[in-house]
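The values are calculated or read from the model by the stated rules, or taken from the named source; none is laboratory data. The model shown is predicted, which means the values in this text are computed figures rather than measured ones. Counting neighbours? That spans all protein chains shown, and the Cβs are built from the backbone with ideal geometry, glycine included.
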């Protein structure tokens, strides 16, 4: 397995799109307590053939998490993220509405045509706007920031980074 092979990266990108739509962003259910690998975290799991995905995060008004993809039980890709509601907007009801919009933004776009680190570059619906800024290096090595605005005011952000994992035996 060559994680840098364009065909493998295409399969990984397509799998990530399916996994995202089946888990948190697609309103999938978190795993039950006995299956949680990190106590105090919510975790979402998806599998398809040789591919497995786990998104594990903790927090609400501020949060941190990590997504991992395995191929044949070997970790091949990861993304870490952290951030949350900006201090002036740390209100539970606004946060719930923000996160519902965030989920909607994360499933938009088409990850099978090109890599999207989180959601599309821009997504807007009613008074909500999502913006995602990241470099063009793609799935292999990336970092950036996503932001949600409400009525033109930034209310939420996440910093994120990640990429493919190249193990010693693959180098």
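Say whether the condition of being in contact with a helix residue (DSSP H, G or I) (Cβ under 7 Å, 6 or more places away or on another chain), under 22 Å from residue 15 (Cα atoms), surrounded by fewer than 17 Cβ atoms within 10 Å (Cβ to Cβ) and in contact (Cβ under 8 Å) with a residue 24 or more places away in the chain is met by at least one residue in the stretch 43-51. The answer is yes, given that some residue of the stretch 43-51 is in contact with a helix residue (DSSP H, G or I) (Cβ under 7 Å, 6 or more places away or on another chain), under 22 Å from residue 15 (Cα atoms), surrounded by fewer than 17 Cβ atoms within 10 Å (Cβ to Cβ) and in contact (Cβ under 8 Å) with a residue 24 or more places away in the chain.
When you go through (1) under 12 Å from the mean Cα position of the chain (by Cα); (2) on the phi > 0 side of the Ramachandran plot one by one for residue 23, which number turns out not to apply? Going through the list (1) under 12 Å from the mean Cα position of the chain (by Cα); (2) on the phi > 0 side of the Ramachandran plot, residue 23 breaks only (2). With (1) more than 18 Å from residue 166 (Cβ to Cβ); (2) out of contact with any helix residue (DSSP H, G or I) (no Cβ under 8 Å at 6 or more places or on another chain); (3) buried (at least 17 other Cβ atoms within 10 Å of the Cβ) as the list, and residue 68 as the residue in question, which single condition is left unmet? All conditions are met except number (1). Within the set 145, 97, 114, the sole residue that is modelled with pLDDT of 95 or more and either in contact with a strand residue (DSSP E or B) (Cβ under 6 Å, 6 or more places away or on another chain) or assigned to a loop (DSSP other than H, G, I, E, B) (or both) turns out to be 145. Summed over the stretch 1-33, residues that are more than 23 Å from residue 114 (Cβ to Cβ) and not in a helix (DSSP H, G or I) total 6.
I'd like the full set of residues that are under 17 Å from residue 50 (Cβ atoms) and either surrounded by fewer than 17 Cβ atoms within 10 Å (Cβ to Cβ) or out of contact with any helix residue (DSSP H, G or I) (no Cβ under 8 Å at 6 or more places or on another chain) (or both), limited to the stretch 1-15. The answer is 1, 2, 5, 7, 8, 10, 11, 14, 15. Of the numbered criteria (1) without any contact (Cβ under 8 Å) to a residue 40 or more places away in the chain; (2) surrounded by 16 or more Cβ atoms within 10 Å (Cβ to Cβ); (3) touching a strand residue (DSSP E or B) at 6+ places or on another chain (Cβ under 7 Å), the one residue 127 fails is (2). Can you name the residue in the stretch 100-111 that is modelled with pLDDT of 90 or more and touching a strand residue (DSSP E or B) at 6+ places or on another chain (Cβ under 7 Å) and is also nearest to residue 156 (Cα to Cα) among such residues? Among residues in the stretch 100-111 that are modelled with pLDDT of 90 or more and touching a strand residue (DSSP E or B) at 6+ places or on another chain (Cβ under 7 Å), the one nearest to residue 156 (Cα to Cα) is 102.
One residue alone among 84, 109, 119 is in contact (Cβ under 8 Å) with a residue 12 or more places away in the chain, surrounded by 18 or more Cβ atoms within 10 Å (Cβ to Cβ) and closer than 22 Å to residue 8 by Cβ, and that residue is 109. So, residue 81, is that one under 28 Å from residue 2 (Cβ atoms) and in contact with a helix residue (DSSP H, G or I) (Cβ under 8 Å, 6 or more places away or on another chain) or not? Answer is no for this residue. Contact map, the stretch 11-24: residues that are free of Cβ contacts under 8 Å to residues at least 24 places away in the same chain paired with residues that are crowded, with 23+ Cβ neighbours inside 10 Å, Cβ distance under 8 Å, separation 6+ or inter-chain. No pairs are found.
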